[in-house]
Amino acid sequence: MKGSGFRFFAILLLREGVAVFEPVVKGGIVMIPLLLCSVVALVVSIERWLYLKNARVDCEKLMGKVRAALERSSTEEARGVCEATAGPVARVLAATLAHFDMPKDDLREVAREVAMTEQPTLDGHLPVLATIVTVSPLLGLLGTISGLIKIFHAIGGGGMGDPSLLPAGIAEAMITTFTGLAIAIPFLVVYNSLSARVEAVTHEIELRVTELLNIQTMAGARL
């Protein structure tokens, strides 16, 4: 009895699996790059989301500690606070504090150069995600054209009165178009969201560097 139930369940799973992969097969060869695009886009999205999540720090708290250390004229302590904090904002501040005795204009250039080195790390593989968002609908269109070619070939071969020759081309055209759009639309939303987070971190870096330069100016004025 148990063996019969197991066989029934296995057969059911097999049928469901075949039903799931049936559209992939009917979509033709273009489905291979489309599925590859979907996997790569998902991996890049998760990786960037995790990185940007970990890159967020309490900048107000960080700057409070840095300001307190600088008020005690302890640049090394302020730099140590930044080096002990994860994230691109802290790294840029730490590199800037390493040259804190330089004139303000030169220090601003140092901060700008360090911030530029952090930008590729912030972007990561977002350009790959942007490319997939652009290419996926085009691959879907390519599959549509391939399906239409099969339809016209069937009609030209005398299949006008034989509907059995047309479904393969129609299925390929519809499935690839749907798949391309189904990949592009959600990942476009994801890309825009991740890009906004990158811009927010970049803005935070600029803000905190400006704040640090103002602290240097006020310290010089007191002297």
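Among residues of region 111-138 being in contact with a helix residue (DSSP H, G or I) (Cβ under 6 Å, 6 or more places away or on another chain) and of a type in the set (V, I, T), the one that is nearest to V190 (Cα to Cα) is V133. Here A86 passes the criteria (1) modelled with pLDDT under 85; (2) loosely packed, with under 13 Cβ neighbours inside 10 Å except the one numbered (1).
Okay, residues lined up against (1) farther than 27 Å from V189 by Cβ; (2) modelled with pLDDT under 85; (3) under 34 Å from the mean Cα position of the chain (by Cα):
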| residue | (1), (2), (3) |
| --- | --- |
| C37 | no, no, yes |
| R48 | no, no, yes |
| K53 | no, no, yes |
| V57 | no, yes, yes |
| S73 | yes, yes, no |
| R79 | yes, no, yes |
| R91 | yes, no, yes |
| A95 | yes, no, yes |
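When region 47-104 is filtered for residues that are of a type in the set (G, A, S) and more than 27 Å from G124 (Cβ to Cβ), the ones remaining, listed by number, are G64, A68, A69, S73, S74, A78, G80. The set of residues from region 187-223 being among the small types (G, A, S), at pLDDT below 90 and surrounded by 12 or more Cβ atoms within 10 Å (Cβ to Cβ) comprises just one member, A219.
For region 79-111, a residue qualifies if it is free of Cβ contacts under 8 Å to residues at least 40 places away in the same chain, in a helix (DSSP H, G or I) and either under 25 Å from E60 (Cβ atoms) or touching a Phe, Trp or Tyr at 6+ places or on another chain (Cβ under 8 Å) (or both), and the qualifying residues are R79, G80, V81, C82, E83, A90, R91, A94, A95, V110. Would region 128-135 turn up any residue that is more than 27 Å from K53 (Cα to Cα), modelled with pLDDT of 80 or more and surrounded by 14 or more Cβ atoms within 10 Å (Cβ to Cβ)? Looking through region 128-135, at least one residue is more than 27 Å from K53 (Cα to Cα), modelled with pLDDT of 80 or more and surrounded by 14 or more Cβ atoms within 10 Å (Cβ to Cβ). Here region 34-77 is the region considered, the condition is being assigned to a helix (DSSP H, G or I) and among the acidic types (D, E), and the residue that is nearest to V135 (Cα to Cα) is E47.
The values are calculated or read from the model by the stated rules, or taken from the named source; none is laboratory data. As the structure is a computational prediction, the values presented were derived from the model and not from experiment. Neighbour counts run over all protein chains shown; Cβ positions are idealised from the backbone, glycine included.
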